[in-house]
1. Among the numbered criteria (1) in contact with a strand residue (DSSP E or B) (Cβ under 8 Å, 6 or more places away or on another chain); (2) more than 16 Å from the ligand (Cβ to nearest atom); (3) closer than 26 Å to GLY25 by Cα; (4) open to solvent by 10 Å² or more (accessible area, probe 1.4 Å), which single criterion is violated by THR109?
2. Return a yes/no flag: does region 268-288 have any residue that is open to solvent by 60 Å² or more (accessible area, probe 1.4 Å) and modelled with pLDDT under 95.
3. If you go through region 154-195, how many residues are within 12 Å of the ligand (Cβ to nearest atom), buried (at least 23 other Cβ atoms within 10 Å of the Cβ) and among the small types (Gly, Ala, Ser)?
4. Report the residue count in region 218-240 for those that are open to solvent by less than 60 Å² (accessible area, probe 1.4 Å) and closer than 17 Å to THR155 by Cα.
5. Find all pairs meeting these conditions: Cβ atoms under 9 angstrom apart; at least six residues apart or on different chains; first residue within region 172-201 and touching a residue at least 24 places away in the same chain (Cβ under 8 Å) and over 23 Å from LYS154 (Cβ atoms); second residue within 8 Å of the ligand (Cβ to nearest atom) and polar (S, T, N, Q).
6. Which is open to solvent by 10 Å² or more (accessible area, probe 1.4 Å) and modelled with pLDDT under 95, of ALA320, ALA292, ALA310?
Amino acid sequence: MERKRCLISDTEIYDLIIVGGGPGGLTAGLYAMRAALKTVLIEKGAPGGQMALSDEVENWPGTERITNAELSMKFAQHAQSYGLEILSQEVVAVNPGLDYHSVHLANETLLKAYAVIIGTGGNPRKLNIPGEKEYYGKGVSYCGVCDGFFFKNKTVLVVGGGDTAMEEALYLSKLAKHVYITHRRDAFRASMILQERVKAECKIEVFWNTILTAIKANEEGVCSVSLQDTLTGEKRNLPTDGVFIFIGFDPNNQLVPAGIKMNADGYVITDEKCETNISGIFVVGDLREKYAKQIVISAADGSTAALAAAHYVENQKAEAACVLPEG
Ligand code: NAP
């Protein structure tokens with residue numbers, strides 16, 4: 001006999017659970033509330049995700065300049081003004097089901113929802129060189145806004161040639177006495193406008209074709225780095241008080257359920273609705289495979305996924321209306 005599905009009591013189940021409070025998750029929350037979905041957003045840290053960790057945003061349309069922390073707060077307040085529930089908890093697993101999906105929290109609570117949106121972003125990529133792990137927090141950092149203050153009038157070194165490295169080097173140049181950038185090639189991949197600003201900043205000095213091979217410290221923290229020229233192989237020591245590493249990041253895909261398709265780099269493959277190959281599970285923001293990582297793109301993902309989730313939940317509820325076998 002054909003399997004019959006029963007409607008789960010509305011008091012037991014959310015329409016939508018959003019995992020992650022970055023720009024994708026918070027925008028999804030805003031759109032979900034406006035679509036009258038019973039929604040909870042779960043975030044283990046402060047709202048904003050990676051967005052909250054850097055300095056200023058200059059490319060959020062309609063706002064020429066805003067601090068990332070302020071933009072994060074505005075995203076959260078906007079969604080909450082429509083009644084979004086934000087739970088400060090850690091999610092440990094997302095388990096797909098036929099009628100509903102389950103979200104397990106670290107405090108052993110089990111939540112259920114017809115649809116789940118995962119927007120857990122990524123983590124800074126590591127160089128994996130001697131001294132990096134050992135001196136993290138003692139001069140090694142992945143966040144200029146968080147740690148730049150400790151390097152006021154000191155010398156710091158930035159690793160990387162992308163947008164993040166440029167933005168962070170410019171930010172650090174406002175505080176530090178001198179900023180070195182080491183890049184493994186002879187050209188940055190960052191956008192031209194940022195490259196021009198870096199070139200115009202007299203406090204910033206670039207070492208091209210250069211890699212870091214070790215970070216050294218004394219009792220006060222980081223004191224120097226070992227550099228190697230990638231063309232000549234020449235090695236040298238450079239004194240510095242801090243090392244800021246911005247070489248991209250790895251997607252946070254630990255909560256992505258088994259069976260969901262990912263690419264070779266660990267980014268989740270979705271369709272144009274941001275839906276994965278498992279119905280009712282959506283992925284937004286930097287965790288999703290796409291051309292570029294931008295706040296505006298994550299936000300767009302969030303709205304797309306929430307609108308698609310609303311449609312999905314409506315269909316699920318209609319389909320699940322209990323039909324008892326005849327006789
Ligand atoms: P990214 O664009 O991937 O750049 C990473 C940089 O680190 C590259 O220059 C890369 O060198 C270098 N690198 C990677 N692995 C390395 C290693 N093991 N050793 C030394 N160098 C290494 O990463 P991102 O700068 O974090 O940016 C990520 C995304 O966010 C990008 O799409 C970016 O456009 C976007 N973003 C945008 C803005 C903005 O628009 N305001 C701000 C920040 C980030 P190669 O160039 O040789 O590969």
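The values are calculated or read from the model by the stated rules, or taken from the named source; none is laboratory data. Note that this is a predicted model, so its numbers are computed, not measured. Counting neighbours? That spans all protein chains shown, and the Cβs are built from the backbone with ideal geometry, glycine included. What goes into the accessible areas is simple: the full protein's heavy atoms, side chains included, and nothing from ligands, DNA or RNA. Shrake-Rupley method; radii C 1.70, N 1.55, O 1.52, S 1.80 Å.
1. (1)
2. Step one: of region 268-288, the residues open to solvent by 60 Å² or more (accessible area, probe 1.4 Å) are 269, 271-273, 277, 279.
Narrowing further to those that are modelled with pLDDT under 95: none.
No, the conditions are met nowhere in region 268-288.
3. Number satisfying all stated conditions: 4.
4. Going residue by residue through region 218-240, those that are open to solvent by less than 60 Å² (accessible area, probe 1.4 Å) are 221-229, 233, 238, 240.
Still in the running and closer than 17 Å to THR155 by Cα: 221-227, 238, 240.
Here the count works out to 9.
5. ALA190/THR164
6. Working: ALA320 fails: open to solvent by 10 Å² or more (accessible area, probe 1.4 Å); ALA310 fails: modelled with pLDDT under 95.
Result of the check over ALA320, ALA292, ALA310: ALA292.
Yes/no matrix, rows are residues, columns are (1) over 25 Å from ALA36 (Cβ atoms); (2) open to solvent by 30 Å² or more (accessible area, probe 1.4 Å); (3) away from the ligand (no atom under 16 Å from the Cβ):
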{"residue": "ARG65", "(1), (2), (3)": "yes, yes, no"}
{"residue": "GLN77", "(1), (2), (3)": "no, yes, yes"}
{"residue": "PRO96", "(1), (2), (3)": "no, yes, yes"}
{"residue": "ILE117", "(1), (2), (3)": "no, no, yes"}
{"residue": "TYR135", "(1), (2), (3)": "yes, yes, yes"}
{"residue": "TYR142", "(1), (2), (3)": "yes, yes, no"}
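A quick yes/no check of all residues on (1) β-branched (Val, Ile, Thr); (2) at pLDDT below 85; (3) in contact with a Ser or Thr (Cβ under 8 Å, 6 or more places away or on another chain):
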position	(1), (2), (3)
GLU43	no, no, yes
ALA46	no, yes, yes
ALA52	no, yes, yes
ASP55	no, yes, yes
TRP60	no, no, no
GLU64	no, no, no
SER72	no, no, no
